[in-house]
Each structure stands twice: as C-alpha cells, then as structure tokens.
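**Q** Let me give you the structure first, and then I'll get to my questions.
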Amino acid sequence: MADTMQFDLVSPERRLASVQATEVQIPGADGDMTVMAGHAPTITTLRPGVLRVAGPSGTDEYVVSGGFAEITGEGVSVLAEESLHRDEMNQSIYDRMLDQARDAHAKAQETFKNEPGPVDDAAKLLSDMVAMGGHIGLTPKGF
C-alpha cells in the first residue's frame, strides 16, 4: 500500500475532511500542484478550483474559492475561504460565488483607477471562477 499522509480541509463554516490520503491535487494560485507523503514543506495560496483527494477509500473532490494550503512532511492542511464537497455544488451556489467575484472586480476597477495590480488580481479571480465552473459542468450567467 502506498504511503499515506494526513489531509485536513476546513472552511470558516465547518471541517469538510480529515482523512488519510495518498495524493492531494491543489489548485495553487501559481499553478496546480500534487502533494504526496514526504513532500517538501510549503505554504501556497489557492485559486478557485477543484481540490482532489485520493486515498485508500477512493477519491473525493472539493470546490474551493481560495485560501491557503500548508504542506508538511506529515500531511496537508487546507484553510479554504469557502469550500463545498463537489456533490454539494449546484448552479445557484456557483452563481452566488461568481456574482461575488464580479462585484469584487467592479469594486477594484472603481477604487483603483490607473492601478493595474489590484484590478488585474480581481480579473484573475473572476477568470478562475469562470474556469472552475466550466470544469465542473456549470455555466456562468450571461454567457
């Protein structure tokens, strides 16, 4: 049997998972990464996407809107801004998440005129949110 590690996923509302995992695929802000037992210690930010956890009992998927992942030699802890098990995700929840990203982008455009950094960050968040929805089979309103 492959080496396992502890995986924990929490959001402000609840703990979503605390299991032994053989592999965790993380949607990192700087690119996707796969973590296995013995991975080098790392802290990374998350972008909106699908986090996959493979373990002895199968594979689970979770939708995350952002947050942080801390990787130690013993496991992975993910602190998500918002997270749901893939089976809990539906069109109305996705529409709400997308509306929040659109609002953040509009506010950044209004607040940071001629300052591309914050506006670009908000645009990337919106783009990642749209891509995540497409990946899980949901369609953004107005497209």
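Since every read-out is calculated from the coordinates, none of them should be taken as a lab result. Here the structure is a predicted model, which means the values were calculated and not measured. Cβ placement follows ideal geometry from the backbone for every residue including glycine, while neighbour counts extend to all protein chains displayed.
**Q** Looking at (1) outside any helix (DSSP H, G or I); (2) touching a helix residue (DSSP H, G or I) at 6+ places or on another chain (Cβ under 8 Å); (3) of a type in the set (D, E, K, R), which is the only condition Arg102 fails?
**A** Single failed check for Arg102: (1).
**Q** Any idea which of (1) over 20 Å from Ala122 (Cβ atoms); (2) free of Cβ contacts under 8 Å to residues at least 12 places away in the same chain is the one His85 doesn't satisfy?
**A** Just one mismatch for His85, condition (2).
**Q** Here's another thing I want to ask about it. Could you check Ser83 against (1) in contact with a strand residue (DSSP E or B) (Cβ under 6 Å, 6 or more places away or on another chain); (2) of a type in the set (S, T, N, Q); (3) closer than 25 Å to Leu138 by Cβ; (4) surrounded by fewer than 21 Cβ atoms within 10 Å (Cβ to Cβ) and say which number it fails?
**A** Every condition holds for Ser83 apart from (4).
**Q** Could you please find all residues in segment 67-100 being touching a Leu at 6+ places or on another chain (Cβ under 9 Å) and either within 17 Å of Gly134 (Cα to Cα) or among the hydroxyl-bearing types (Ser, Thr, Tyr) (or both)?
**A** Residues of segment 67-100 that are touching a Leu at 6+ places or on another chain (Cβ under 9 Å), as a first pass: 67-70, 76-81, 83-85, 89-91, 93-95, 98.
Of everything in segment 67-100, those that are touching a Leu at 6+ places or on another chain (Cβ under 9 Å) and either within 17 Å of Gly134 (Cα to Cα) or among the hydroxyl-bearing types (Ser, Thr, Tyr) (or both) turn out to be Ser77, Ser83, Leu84, His85, Met89, Asn90, Gln91, Ile93, Tyr94, Asp95, Leu98.
**Q** Right, here's the next one. Are any residues in segment 1-31 touching a residue at least 12 places away in the same chain (Cβ under 8 Å), part of a strand (DSSP E or B) and of a type in the set (D, E, K, R), and if so, which ones?
**A** Asp8, Glu23
**Q** Output yes when any residue across segment 64-80 is touching a Lys or Arg at 6+ places or on another chain (Cβ under 7 Å), part of a loop (DSSP other than H, G, I, E, B) and surrounded by 14 or more Cβ atoms within 10 Å (Cβ to Cβ), and no when none is. Even if it seems obvious, please write down each step before you answer.
**A** Here is the first cut: in segment 64-80, the ones touching a Lys or Arg at 6+ places or on another chain (Cβ under 7 Å) are 66.
If we keep only those that are part of a loop (DSSP other than H, G, I, E, B) too, we end up with 66.
Still in the list and also surrounded by 14 or more Cβ atoms within 10 Å (Cβ to Cβ): 66.
Yes, the conditions are met somewhere in segment 64-80.
**Q** Can you name the condition, by its number, that Ala37 falls short on among (1) within 23 Å of Gly133 (Cα to Cα); (2) in a loop (DSSP other than H, G, I, E, B)?
**A** (1)
**Q** Restricting attention to segment 65-77, does a residue exist that is farther than 22 Å from Met36 by Cβ and either out of contact with any Pro (no Cβ under 6 Å at 6 or more places or on another chain) or touching a residue at least 40 places away in the same chain (Cβ under 8 Å) (or both)?
**A** Applying the first criterion (farther than 22 Å from Met36 by Cβ) to segment 65-77 yields 65-66.
Filter again for either out of contact with any Pro (no Cβ under 6 Å at 6 or more places or on another chain) or touching a residue at least 40 places away in the same chain (Cβ under 8 Å) (or both), leaving 65-66.
Checked segment 65-77: at least one residue is farther than 22 Å from Met36 by Cβ and either out of contact with any Pro (no Cβ under 6 Å at 6 or more places or on another chain) or touching a residue at least 40 places away in the same chain (Cβ under 8 Å) (or both).
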